[in-house]
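The values are calculated or read from the model by the stated rules, or taken from the named source; none is laboratory data. Just so it is clear, the structure is predicted and the values come from calculations on it, not from any experiment. Because the Cβ atoms are built from the backbone with ideal geometry, glycine has one as well, and the counts that use them run over all protein chains shown. Just so you know, the surface numbers come from the protein's heavy atoms only, side chains and all, with ligands and any DNA or RNA stripped out. Shrake-Rupley method; radii C 1.70, N 1.55, O 1.52, S 1.80 Å.
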Amino acid sequence: MKKILIFAMTVFLSIPAFAKISFDNIDINGKDELLFTLNYETTGTWSYNSVFYAKLQEETANTKKEILSCFPEQMDLLSLMNKPVLQIRNRFGTARYYSSTDSFTWTKHTDDIPMTASVTTPYSVNYDGKWYCFIQKSGISTGKLILESSASGKQIVLAEDILFSYDTVPVKWSPDGSILIYEKNNNVYFCSPDAMSRGVEAEERYRKIGRGTINSVEWASEKYLVYIDDYIVYRINSKELYTTSLYSGIISQGTTMGRLPFQFNTKHDNFSVSPDVSSLVIAQDKKNFTYFKTLVSSCNYMDIVFSKPYTDSKASLADYSIFWDKAGNPILWMEKLPFDSTKVFGIVYKMGDNLKSVLEIEDSGKPFISPNKTKVAFYAGNTLYIYDINTWSRIAQISGEKIISILWEKDNSLFIGGNSTVTHWNIGSNTAEVVCVSAAKKVFWDTPTGNIIAETESGKRFMYQSSTGKWKTSQSKSEIKQTAQNTHFRAYSGTTANPYFGNALYIRTLTKKAVTKPLYSSSTVKIADRNKVALIFDAYDNADGLPKIISSLSKFNIPGTFFINGEFVRRYPSQTKQIVLNGYECASMFFTIADLSDATFIVDKDFITRGLGRNEDEFFMCTGSELSLFWHAPYYQSNRQIEDAGKEAGYEYINSMHIHSDTVTLRQIEEGKEYVTPEKLIEEYVDLMKATRGGVIPVTIGISQDGRPDNLWEHMDLLINTLLEENFELVPVSKL
């Protein structure tokens, strides 16, 4: 077993809990050309210094401003005129690198400074790069599924009112990129992008594969698609898709390959299938893994090679991936969150009749598979590794800067998006060429040459090439001499009444009539501070949602307050310690999950005082830490007597004003209680926070014994980013 132990800070550790935009590195040359950097210190996404250029004019409003750096928040590989094109997207817009002409240009960009920086949404690009899909947000939690041509920009709406996601796009491309599978209204459909663009595609009702979500289908190869409907597994020949869909109301979809011993849950289960369709692995509820051998053509139960739930007593399971080696063995890649550490720990297993560990990585990222499925790339801290999937031997590695994103171009080349540069790495020759500067610590006019020089965090220097829009390594050793004044203008940073900005960049004319104006007028507009919202996480008696919650809070560097019940402490001491270890504010939810307002209880001051005290003691014995003096009763069922008793014990009561909650169970639904989906809950919560100008949003940790159709904690990324986009500041309860 090989081990890689790497210690590095995550990209988000330096981000504060509020947004501040500031100007720095002001430098004017004799041609009235201005250089400066713009920095976002913001919650929820990356913080970096972008390089800007401006050609100063007498009237500031006419000043031409350009962004010269490009931070790789998202990278996509497209194809234009059968030539590969790297597309980079971030808060400022979209830029493209054309390898055929070795040039870099912005295709879309903002003219002003976006005062809020939200997460850049993902694209799903097909194999040849000619088409891609994305969700275009149309509501607070919903959007349109768009198919777009890379060459023409023509857009086709595939579905409306689908749940928005900042993590994935609900589509799956065939390996050759010719067929797209998508979900719509709890059904799965297919289409040919080329046929759709020419207007000759069959009606959608004739392209229906069956009921389910995108989790119900998986491509095994260009030839075969596998579809699971409840208990039955089907193999569909891609050439017969149109024929089988035409008669889907009469005959089964494809050839049966066997029966499952359990019902496949299309919302919470996932599966992966081998290229020869002889095996598949199903992950139930993201924690139970079963390896099956399929049948040739039968509805009999498939043979189970291996089956085991996740049971590591030292770490929770944050995420996983499943892929296959050339021998047809499934590879299980797990990302674990240790109970005694804040660093994600990756471990790779080869699945057979047992799990065989082949690689361990501390502070690991996700795996990225090469186009020919023989290599896996992943980054850990400042190093990118390439491993052979079949032998698990290391092929190559490259280090130097914190890695944000990676993208395979070919089987032996990748684009690496770092926090300082975006580079094109050829594995065979082990050469890395800089495509652009991502961010710069310093930018200045090089006195001897007049060139634009950017210096990154590592101290490396790069020269901007205006003819191509690219940056190249510079050997400049010039002393940095920035000047804020020439004979025509003076530039300086000054105070501003805009709370989103730490300062403003002002330009003062020194000829004719002396005038001082901000370079960006929006930077000095006085606006109200953001309203504050506290996410509170209620830990009753189940911890299933905790890994997702901690991962999301950590990824976006969001604070949260955990209200912990005594039953949770007693059942999950390791998880309780994990919450404290990750630095979250902890409050009390009494020592029992009983409804304190129930008439069968005699609730007096002494009962509340002793109950709160017992929870304090059990929490301290478990973690060695004290609870904060905030509390609420289980399920927020309280009255004035209960709240007054807690106040006398020194606690401040936290109420939830929400009409609906995420605690309604399947049993309660059957009894007639209203169930509200997570997306509708998010919309309701946001509307209430707008009306009340802030407050608390409760999220239940775990799964109720009676179950729910869906859980709010499974949509943490959507909840967090929706609040940020709606301009709320996320804080712990103590900061409200």
Only listed residue being closer than 21 Å to ASN531 by Cα, open to solvent by 20 Å² or more (accessible area, probe 1.4 Å) and of a type in the set (Asp, Glu), chosen from GLU683, GLU674, GLU714: GLU683
Hits in region 153-170 - residues which are in contact (Cβ under 8 Å) with a residue 40 or more places away in the chain and more than 16 Å from GLY210 (Cβ to Cβ): LYS154, ILE156, LEU163, PHE164, SER165, TYR166, ASP167, THR168, VAL169
Options SER79, SER47: the member that is out of contact with any Pro (no Cβ under 7 Å at 6 or more places or on another chain) and outside any strand (DSSP E or B): SER47
Residues (at pLDDT 95 or above, open to solvent by less than 30 Å² (accessible area, probe 1.4 Å) and assigned to a strand (DSSP E or B)) located in region 144-175: LEU145, ILE146, LEU147, GLU148, SER149, ILE156, LEU158, ALA159, VAL171
Complete set of residues in region 347-374 that are part of a strand (DSSP E or B), more than 12 Å from ILE331 (Cβ to Cβ) and either open to solvent by 10 Å² or more (accessible area, probe 1.4 Å) or of a type in the set (Gly, Ala, Ser) (or both): GLU360, GLU362, PHE368
Among the residues listed as SER574, SER554, SER523, the single one being of a type outside the set (A, V, I, L, M, F, W, C) and at pLDDT 95 or above: SER574
Check on SER704, under 21 Å from PHE562 (Cα atoms) and buried (at least 16 other Cβ atoms within 10 Å of the Cβ): yes
Long-range neighbours under 6 Å by Cβ, at least six apart or interchain, first residue over 13 Å from PHE501 (Cα atoms) within region 519-533, second open to solvent by 80 Å² or more (accessible area, probe 1.4 Å) and of a type in the set (Lys, Arg): ASN531/ARG693
Residue that is most open to solvent (accessible area, probe 1.4 Å), among those in region 275-287 that are farther than 23 Å from GLU335 by Cα and touching a Phe, Trp or Tyr at 6+ places or on another chain (Cβ under 8 Å): PRO275
Total residues in region 31-48, condition open to solvent by less than 10 Å² (accessible area, probe 1.4 Å) and in contact with a strand residue (DSSP E or B) (Cβ under 6 Å, 6 or more places away or on another chain): 6
Residues being open to solvent by 70 Å² or more (accessible area, probe 1.4 Å) and not hydroxyl-bearing (Ser, Thr, Tyr) - total across region 288-324: 7
Which numbered condition ASN265 fails, given (1) part of a loop (DSSP other than H, G, I, E, B); (2) over 16 Å from ASP229 (Cβ atoms); (3) under 27 Å from the mean Cα position of the chain (by Cα): (2)
Pairs, first under 30 Å from THR576 (Cα atoms) in region 312-331, second acidic (Asp, Glu) and open to solvent by less than 50 Å² (accessible area, probe 1.4 Å), C-beta under 8 Å, six or more apart: LEU317/GLU335; ALA318/GLU335; ASP319/GLU335; TYR320/GLU335
Residue pairs meeting the criteria (Cβ under 7 Å; at least 6 apart or on separate chains; first at pLDDT 95 or above, in region 636-660; second among the hydroxyl-bearing types (Ser, Thr, Tyr) and loosely packed, with under 14 Cβ neighbours inside 10 Å): none
Any hit, region 83-91, residues being buried (at least 16 other Cβ atoms within 10 Å of the Cβ), under 19 Å from THR722 (Cα atoms) and under 21 Å from the mean Cα position of the chain (by Cα): yes
Residue satisfying all of: in region 180-207; buried (at least 21 other Cβ atoms within 10 Å of the Cβ) and of a type in the set (A, V, I, L, M, F, W, C); farthest from MET75 (Cα to Cα) among these: VAL188
Candidate set from region 524-548 (those that are part of a helix (DSSP H, G or I) and in contact with a helix residue (DSSP H, G or I) (Cβ under 8 Å, 6 or more places away or on another chain)); member that is surrounded by the fewest Cβ atoms within 10 Å (Cβ to Cβ): LYS548
Checklist (1) buried (at least 19 other Cβ atoms within 10 Å of the Cβ); (2) among the polar types (S, T, N, Q); (3) in contact with a Ser or Thr (Cβ under 7 Å, 6 or more places away or on another chain) applied to SER588, failing item: (3)
Subset of region 219-245 that is in contact with a Lys or Arg (Cβ under 7 Å, 6 or more places away or on another chain), closer than 20 Å to SER278 by Cα and in contact (Cβ under 8 Å) with a residue 40 or more places away in the chain - its residue that is surrounded by the most Cβ atoms within 10 Å (Cβ to Cβ): VAL226
Counted residues, region 557-585 - those being open to solvent by less than 10 Å² (accessible area, probe 1.4 Å), over 16 Å from PRO338 (Cβ atoms) and within 23 Å of the chain's Cα centre (by Cα): 4
Residue check for ALA327: at pLDDT below 95, small (Gly, Ala, Ser) and surrounded by 18 or more Cβ atoms within 10 Å (Cβ to Cβ): no
Residue list for region 386-412, filter: acidic (Asp, Glu) and not in a loop (DSSP other than H, G, I, E, B): ASP388, GLU409
Pairs, first assigned to a loop (DSSP other than H, G, I, E, B) in region 465-481, second of a type in the set (Ser, Thr, Tyr), C-beta under 7 Å, six or more apart: THR468/SER103; GLY469/SER103; GLY469/THR105; SER478/THR447; LYS481/THR447
Given (1) touching a strand residue (DSSP E or B) at 6+ places or on another chain (Cβ under 8 Å); (2) modelled with pLDDT under 95; (3) under 30 Å from LEU34 (Cα atoms), number of the condition LYS477 does not satisfy: (1)
Residues of region 647-696 that turn out to be β-branched (Val, Ile, Thr), part of a loop (DSSP other than H, G, I, E, B) and under 30 Å from GLU725 (Cβ atoms), as a count: 6
